[in-house]
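Structure, as structure tokens:
Only the coordinates and a few stated rules stand behind these numbers; no lab work does. This is a predicted model, so every value here is computed, not measured. In this analysis, Cβ positions are derived from the backbone assuming ideal geometry, glycine residues included, and neighbour counts consider all displayed protein chains.
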Amino acid sequence: MRTEAELRRLMQQRVEPGERGEAVIAAVVVRLKEHGYLNDQSFAETYARLRQENEKLGQRRVRQALGQKGVAQQIVNEVIDARYGETNEEALAREHLERKHIRKPENEKETARVMRRLVAAGFSTGVIYKILRQWDVPDEALAALESVDIEHEDRGGAE
């Protein structure tokens, strides 16, 4: 399945440039929608469900991916709210750790690695710190992570 934006982008490469090519793309998109083959709402729902159930990803990661695929922000918000509204983010994060065979960190370096993996998977820092505290990660390691977080925010979030 593809989103309308992805399909338009792919077809743009294959049609002649100009108004005629745009008309062909528009006609194809209308026809696909009429027959039910192209539906961004359905795509977003399926994408979010699979990422949550199979890959155990957090809502931030799924929201970002849907946005990159060209799904309208309103649809993304509706789908994420419906899919993740009743979800326990901490339990999902623990399932993600289990799925990726990530164990309790033994030192600061491993703690930072666990933190990076969970952030990349779309989980909030609050949930991540809660999990690390429950693993009895030393306060020094958590303090080191917090200073990295502050530096990261000062740079505007660029990695």
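For a distance above 20 Å, tell me the whole-number percent of Cα pairs in the stretch 89-154 that qualify. Looking at the stretch 89-154, the distances longer than 20 Å represent 18 percent of pairs. Computed over the chain with a Gaussian network model linking Cα atoms closer than 10 Å, the most mobile of Val127, Val114, Val24 is Val24.
One chain, two ends: Asn107 and Glu146. Fully extended at 0.36 nm per residue, the span grows by 12.5 nm beyond their Cα-Cα distance. Within the shell defined by Cβ-Cβ distances under 12 Å, the residues around Met1 carry a net charge of -2, with Lys and Arg each +1 and Asp and Glu each -1.
Residues of the stretch 17-45 falling in the label zone of Arg9, defined by backbone nitrogen less than 16 Å from a point 7 Å along Cα to beta-carbon, are 40, 44. You can think of it this way: the chain between Val24 and Thr87 has 18.4 nm of extra reach, that is 0.36 nm per residue less the Cα-Cα gap. A Gaussian network model of the chain, with springs between Cα atoms under 10 Å, assigns the largest mean-square fluctuation among Glu78, Glu108, Glu22 to Glu22. Membrane-span-like helices in the chain (whole DSSP H runs, Cα extent of at least 20 Å along the helix axis, mean Kyte-Doolittle hydropathy of at least 0.0): 19-34. The count of lysine pairs in the chain whose Cα atoms are under 30 Å apart, excluding pairs fewer than 8 places apart on the same chain, comes to 11. Given their separation in residues at 0.36 nm each and the Cα-Cα distance between them, Glu98 and Arg117 gain 5.6 nm when the chain is fully extended. In bins 10 Å wide, starting from 0, what share of all Cα pairs of the chain does each bin hold, as a percent? Calculated over all Cα pairs of the chain, the distribution is 10, 30, 26, 18, 11, 5, 0 percent. Computed over the stretch 4-84, the percent of Cα pairs more than 15 Å apart is 59. Taking every alpha-carbon pair under 8 Å whose residues sit at least 6 apart, the stretch 4-84 reaches a relative contact order of 33 percent. Of the residues Tyr37, Ala65, Leu97, the one whose Cα sits farthest towards the positive end of the charge dipole of the chain is Tyr37 (charges of +1 on Lys and Arg Cβ, -1 on Asp and Glu Cβ, taken about the Cα centre).
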